[in-house]
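S.K.: One structure is given below, represented as structure tokens, and several questions about it will come after.
The values are calculated or read from the model by the stated rules, or taken from the named source; none is laboratory data. Note that this is a predicted model, so its numbers are computed, not measured. All Cβ positions, glycine included, derive from the backbone under ideal geometry; neighbour counts span all protein chains shown. Heavy atoms of the whole protein, side chains included, go into the accessibility calculation; ligands, DNA and RNA do not. Shrake-Rupley method; radii C 1.70, N 1.55, O 1.52, S 1.80 Å.
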Amino acid sequence: MKTATEIATTPKPATAEKDAIALLRADHRTVSGLFAEYEKTRSNAKKRALVTEICRALTVHTQIEEEIFYPAIKAVLKDKLLLPEATVEHGGIKDLIAQLEGLEPDGEMYDAKVKVLSEYVEHHVEEEQSEMFPKVKASSLDLAKLGARMAARKADLLAALG
């Protein structure tokens, strides 16, 4: 019989990790946690490190969505608004990431840009999780296969970023 510690530390089945929606939801939770940590931070060095991590995670996340997830679901959803809106939202997120890169976290504009980025991401995540994901789950897409492709691409992108 396994102990409580062994049960808690037993890895989840690989299929759960490869599901496309589970992968995206995990990314959403990670970034949300980073933003929450930023809100509590007063150290400029810690702020810079957190923003670097947030921007890296968002850059990879948006890229796998645009390269793999969105094209796959476009064919099955036949929705004329969800995907274009999500793509426009990605543009706003990317613009704020570009504005934050190379900026020093020593002024109120830095904090303001991080706050607006957080709000953009929160809005985007809410729409994906409440509108897009239920439609995708109800579709005929093989989410495990799609997730495996996305996970592989994510690993490649993270490796390239160092």
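S.K.: Filter region 20-38 down to residues that are more than 8 Å from the chain's Cα centre (by Cα) and in contact (Cβ under 8 Å) with a residue 40 or more places away in the chain and give me whichever is nearest to Lys154 (Cα to Cα).
M.R.: For region 20-38, the residue satisfying everything is Leu23.
S.K.: A follow-up question, please. If Glu131 satisfies every condition in (1) modelled with pLDDT of 95 or more; (2) in contact with a helix residue (DSSP H, G or I) (Cβ under 9 Å, 6 or more places away or on another chain); (3) open to solvent by 70 Å² or more (accessible area, probe 1.4 Å); (4) over 12 Å from Ala72 (Cβ atoms) but one, which is the exception?
M.R.: Condition (1) is where Glu131 drops out.
S.K.: With respect to Arg29, determine if the residue is open to solvent by 60 Å² or more (accessible area, probe 1.4 Å) and out of contact with any Asp or Glu (no Cβ under 9 Å at 6 or more places or on another chain).
M.R.: It is true that Arg29 is open to solvent by 60 Å² or more (accessible area, probe 1.4 Å) and out of contact with any Asp or Glu (no Cβ under 9 Å at 6 or more places or on another chain).
S.K.: Among the residues of region 92-110, write down those that are over 27 Å from Asp79 (Cβ atoms) and in contact (Cβ under 8 Å) with a residue 12 or more places away in the chain.
M.R.: Keep residues of region 92-110 that are over 27 Å from Asp79 (Cβ atoms), which gives 98-110.
Gln99, Leu100, Glu101, Glu104, Pro105, Asp106, Tyr110 - these are the residues of region 92-110 that are over 27 Å from Asp79 (Cβ atoms) and in contact (Cβ under 8 Å) with a residue 12 or more places away in the chain.
S.K.: If we keep just the residues of region 85-116 that are among the acidic types (Asp, Glu) and within 22 Å of the chain's Cα centre (by Cα), which is surrounded by the fewest Cβ atoms within 10 Å (Cβ to Cβ)?
M.R.: If we take residues in region 85-116 being among the acidic types (Asp, Glu) and within 22 Å of the chain's Cα centre (by Cα), then Glu101 is surrounded by the fewest Cβ atoms within 10 Å (Cβ to Cβ).
S.K.: To continue, here is another question. Could you look through region 38-66, keep only residues that are among the charged types (D, E, K, R) and open to solvent by 70 Å² or more (accessible area, probe 1.4 Å), and pick out the one that is nearest to Gly102 (Cα to Cα)? Reasoning before the result, please.
M.R.: Within region 38-66, the subset among the charged types (D, E, K, R) is 39-40, 42, 46-48, 53, 56, 65-66.
If we keep only those that are open to solvent by 70 Å² or more (accessible area, probe 1.4 Å) as well, we get 39-40, 42, 46, 48, 53, 56.
Details: Glu39: 20, Lys40: 22, Arg42: 19, Lys46: 15, Arg48: 10, Glu53: 14, Arg56: 13 Å.
Looking at the filtered set, the residue picked out is Arg48.
S.K.: Considering each residue of region 71-84, count those that are open to solvent by 60 Å² or more (accessible area, probe 1.4 Å) and part of a helix (DSSP H, G or I), and give that number.
M.R.: Kept after step one, since they are open to solvent by 60 Å² or more (accessible area, probe 1.4 Å), are these residues of region 71-84: 71, 74-75, 78, 80-81, 84.
Add one more test, that the residue is part of a helix (DSSP H, G or I), and what stays is 71, 74-75, 84.
Count: 4.
S.K.: Just the residues that are assigned to a helix (DSSP H, G or I), free of Cβ contacts under 8 Å to residues at least 12 places away in the same chain and either among the hydrophobic types (A, V, I, L, M, F, W, C) or farther than 23 Å from Ala22 by Cα (or both), please, taken from region 112-149.
M.R.: Ala112, Lys115
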